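Read the structure below first, then the notes.
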């Protein structure tokens, strides 16, 4: 448009234009446009917009209005559109295509039921938006030296974006307009128009020669204005797939005029393009690509824009395309590379598609391939695509190799040869992979497959491939080869039906957090490496010359795997299959799939920080609910080496499990068997967090070829706190204090004892600990204590009766002998079981009446005491002793005294019931005992009867030397210790005479223990000290005795008597027979 600043030189033309504008204003009013704003555009420049921007290269400098999104900085403010044909970046503002004067450049959007949206820099702005500069910054997947993007919204109808871009050396301004529907739109159309004042030299004016089309370029695609003198051109060009047309109009602001192809010819007119976009549903977008072209002549401008030559509809060579003999548009033709060559042209593929034939050459297309058509690759050579391509018709690889990355390879690829993703950086392929060919992944970057595939054969030579889901990896077989430590990663749960082949350098399967099942098997010569926190399941047979390396997560061996297995600290190996190799575990080994059974035809070595995880869901080994895990090592050389931590689990078991089993004390579970033996020890056992009964725990039993879990009391003392004797509780308390940590192998007697305890049923623990306490030893000493008193009482009876028998008074010396037998039955009490003690004693004595009132004597004795304690065993004591005794007798009064000393031999035989069977223990030892007794009485003659009240006191000490048992892990040791006691007695004795020879008698006596009433010892067992005590006979005894003394002829007399003793917790029966000779 002619600029007002030309003044009087163009007054007539200006007057004519004013009339034309007034006509347009009237038309605008009819369309509902703001008339005032349009009129203001004729008489004053628009206010400056801070959002406006300038893009400038070597050839082109344009202003872009930030408010309305059209070209032109702001009204007639420069720059509008400037062009420097020399490419020097020198721009003369006087030669602006838009300013000074009245500019006109903009766009119109129309649709049914909607007022036209008109934006232009002459003051009409129905859509207000904002502008962002992206120069040198990636936008939409591409980067240009000069770029700005304007976006606006038109009511509730649509949003619109104008993307302006060009490089510094370009002579076109590319524009991409995107319209996105906010509601359903029908009969949607778009137009773009410019009033070009093409003045680049003297002689040029606002009037131009206007043309539609040129040579091979259709009138629908191209419209341009040519300066009258300089022949500089500016035009609009498109090859959009939308129905479109060009027009030369008289400033019409609509779309229909441009779609109709209106042509008003040369003059100061408007050139523009119209596009029929059809219907657009809510949320859908229409994308229109077109450009402003510039040049010093139209041929060059068209050539630079890609027009004016024929499209590729037949067979052409790559050389023809390179020199510009054809438009880089595939329209059903073929480009043949006759030798190695690289083409930098952008390429458009029309719906008729085309073919790239590499023959045997290496071909490269580095430009951008766009369009709606597809490409077929033929020839045995390699075609490499490096542009950021957008063609949507798919790719067919019939021969050779196609190389690219996720920027250049997209859409549907029918691959019947080889497709290689040379991925230097991370990228995603969301298209479809079909055909029978192979896909190669090279480059250090990551390729994410997020599309679909049926039968995928994948060769990963470098980097990583992520299969986003099952559709991306395919399910109809094929093969996957991993080499050079490349990685196949899972983006979700996958079932890989392909055979997985591990080549040189090893291969990695990274499950991420997902579960990946290999159903096609696997083989290879380098380690199959498992990474990721998820699970890799070998669901079919596999083999590897080195083995499987579980670096992270879980690897489940559910078939037969031929190879070694290495489990790193962050890894877990499990499964119900067979490993034909050895395993080295630094992480976790969890046989089964909870519960289950893993067989290893080799050795298993657990490292110091490793874990053996065992699920226990029942009492039998097996697979599934109600069973427990087992690790089975087969082969004569298969050795299981324990180390690290054993972690049994009762709750939270995954898979087929009841999660309700609670084991009881005494139950065992054979979790490991190894034909070649078991060595080593776990450092710890982690008790289950739930599922154990109160006061129970797991312990470990190490066999020569097996390892067992055993359920034991957590504290034996607490387990026996109710219902067990105090000896048993004392033994339990002492052993609790020295009990080894659960799971740790303990050598020697300690280990053997606790291993034997571990398998005891719960109901047998009380008896076993009663036996362990060694109460029989205390009972035996207590029985010896009682037997000593009984034997000494024989002497007391002898002394007491000295001189009482008729006819003995003239004989002053005597020789006598006695036999004593006693049985005492002691009831059990809170301490432990009861016992029966049977004793026999023989005494031989001699005495002499030293004075009329004093008799003195001495005696020798032998006794045999047999103690049998219920369930505890037997003890025998043989004693050899001597005694001194005497009696003072004056009238009706007497006083007796006895002192005795014994040497004792102890023989103890005990049985201790343990989980491994009965241990028969034995011990032999020495001891001694001594005592003293004093008694006094006064006889009252009551006719034919004599009544004698009696009182006495006795002291006893029984001591056994240090004593030790042999025969098993429960053998006890004792230091030298014994029993001391004082007893007092009082009673009455009544006797009479039957004729001159026989004197019968009866007596009753109360006896009171004046100190302890039981024996207390301290036993030593595997470092523990056990306080064990005898069963108490009671503090008070009541004795009843009957007998007779008979004086035979020649100074011979006999004495016979029976005694019953009732004790607090015992009953005793004893008999005594004595014979004496007086001389």
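Here are some notes:
- Ordering of 122-130, 853-861, 64-72 by packing [mean C-beta count within 10 Å, highest first]: 64-72, 122-130, 853-861
- Inter-label distance for residue 51 and residue 1077, nm, one decimal - labels placed 7 Å from Cα along Cα-to-Cβ: 14.6
- Relative contact order (%) - segment 439-551, alpha-carbon pairs under 8 angstrom, separation at least six: 19
- Across segment 825-871, Cα pairs under 8 Å and at least six residues apart give a relative contact order of 41 percent.
- The chain, relative contact order in percent, only Cα pairs under 8 angstrom and at least six apart counted: 4
- Between 0 and 90 degrees, the angle of helix 11-30 with respect to the longest Cα principal axis of the chain falls at about 50 degrees.
- Of all beta bridges that DSSP places with both ends in the chain, some 65 percent have antiparallel geometry.
- Pairwise FRET efficiency - residue 523 versus residue 454, Cβ, R0 = 22 Å, nearest 0.05: 0.40
- Inter-probe distance in nm under a simple model that places probes 7 Å from Cα toward Cβ, at residue 285 and residue 955: 11.5
- For mean projected area of the Cα convex hull in nm², computed directly from the structure shown, the correct entry in [x] 65.3; [y] 89.6; [z] 72.7 is [x].
- Spin-label pair residue 372/residue 864, simplified geometry with 7 Å Cα→Cβ offset, distance in nm: 12.3
- Per-residue Cβ neighbour counts within 10 Å put 441, 464 in the sequence 464, 441, beginning with the fewest.
- Residue 878-residue 704 FRET efficiency (beta carbon distance; Förster radius 45 Å; 0.05 resolution): 0.55
- Ranked by how many other beta carbons lie within 10 Å on average, peptides 1055-1067, 556-568 from highest: 556-568, 1055-1067
- Annotation for segment 182-260 versus segment 642-685: alpha-carbon center distance of 84 Å.
- Stretched out straight at 0.36 nm per residue, the stretch from residue 1067 to residue 352 would grow longer than its current Cα-Cα span by 245.4 nm.
- Order by protection proxy (mean Cβ within 10 Å, highest first), peptides 590-597, 812-819, 1014-1021: 590-597, 1014-1021, 812-819
- The chain: angle of helix 748-758 to the longest principal axis, Cα-based, in degrees nearest 10: 80
- You can think of it this way: the chain between residue 996 and residue 218 has 263.2 nm of extra reach, that is 0.36 nm per residue less the Cα-Cα gap.
- Against the chain, whose longest principal axis is taken from its Cα atoms, helix 726-738 shows a tilt of about 40°.
- Relative to one another, the C-alpha centroids of segment 1053-1076 and segment 970-1020 are positioned 12 Å apart.
- Under 11 Å from a label point set 7 Å out along the Cα-to-Cβ vector of residue 690, the amide N atoms of segment 634-670 belong to 650-653, 659-660.
- The calculated FRET efficiency for the pair residue 168 and residue 424, based on their C-beta separation and a Förster distance of 30 Å, comes to about 0.70.
The numbers here are math on the coordinates, done by the rules we state, and not lab data. Keep in mind it's a predicted model, so treat the numbers as computed, not measured. Cβ coordinates were reconstructed from backbone atoms using ideal geometry, including for glycine residues, and neighbour counts include every protein chain displayed.
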